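First the structure, in the form of structure tokens, and then the observations on it.
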Amino acid sequence: QVQLVESGGGLVQPGGSLRLSCVASTRMFGGSRMGWYRQAPGKEREFVARYTSGGSTNYADSVKGRFTISRDNAKNTVYLQMNSLRPEDTAVYYCNYVLGGLEVWGQGTPVTVSS
């Protein structure tokens with residue numbers, strides 16, 4: 001069973017940056033999808049960014065131009081670089097891995113954007 005561990009969340013001022021990391025317990029197989037979702041207080045979980053099964057990247061409109069997803073296959077790690085953070089980016093950020101019928105979520109890392 002794949003396990004995902006996120007880290008890198010915290011408190012940051014508006015306009016600041018954070019980099020989230022998600023380490024998978026196994027290598028990320030070809031054909032898998034891996035990415036980031038977030039859930040703000042009182043709201044549903046929403047898509048943020050991901051690698052598709054073909055290796056391309058997708059972003060939510062709300063984060064395009066500010067967030068960048070990247071990965072290091074040798075370290076089984078996916079990153080989310082978040083720049084120009086806004087108060088509305090405040091949420092718990094979750095890593096997600098999908099391969100065929102298998103879907104795995106991490107425990108989440110909280111991000112708070114506040115002055």
### Query
Pairs under 7 Å by beta carbon, first residue open to solvent by 30 Å² or more (accessible area, probe 1.4 Å) in region 6-25, partner among the hydrophobic types (A, V, I, L, M, F, W, C) and in a loop (DSSP other than H, G, I, E, B), six or more apart or different chains?
Pro14/Leu85; Gly15/Leu85; Ser17/Leu85; Leu18/Leu85; Ser25/Val2
### Message
Looking at region 103-115, can you tell me whether even one residue there is more than 19 Å from Ser7 (Cβ to Cβ), open to solvent by 40 Å² or more (accessible area, probe 1.4 Å), in contact with a helix residue (DSSP H, G or I) (Cβ under 7 Å, 6 or more places away or on another chain) and modelled with pLDDT of 95 or more?
### Response
yes
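Yes/no matrix, rows are residues, columns are (1) among the charged types (D, E, K, R); (2) closer than 19 Å to Val23 by Cβ; (3) at pLDDT below 95:
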{"position": "Thr52", "(1), (2), (3)": "no, no, yes"}
{"position": "Ala60", "(1), (2), (3)": "no, no, no"}
{"position": "Arg66", "(1), (2), (3)": "yes, no, no"}
{"position": "Ser70", "(1), (2), (3)": "no, yes, no"}
{"position": "Asn73", "(1), (2), (3)": "no, yes, yes"}
{"position": "Asn76", "(1), (2), (3)": "no, yes, yes"}
{"position": "Glu88", "(1), (2), (3)": "yes, no, no"}
{"position": "Gly101", "(1), (2), (3)": "no, no, yes"}
#### Entry: Tally of residues being open to solvent by 60 Å² or more (accessible area, probe 1.4 Å), under 20 Å from Thr90 (Cα atoms), free of Cβ contacts under 8 Å to residues at least 40 places away in the same chain and not hydroxyl-bearing (Ser, Thr, Tyr) across region 44-73
5
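The values are calculated or read from the model by the stated rules, or taken from the named source; none is laboratory data. Predicted, not measured: the structure shown is a model, and the values here were computed from it. Don't worry about glycine lacking a Cβ; one is built from the backbone with ideal geometry, like all the others, and counts go over all protein chains shown. Keep in mind that these areas ignore ligands, DNA and RNA; they rest on the heavy atoms of the full protein, side chains included. Shrake-Rupley method; radii C 1.70, N 1.55, O 1.52, S 1.80 Å.
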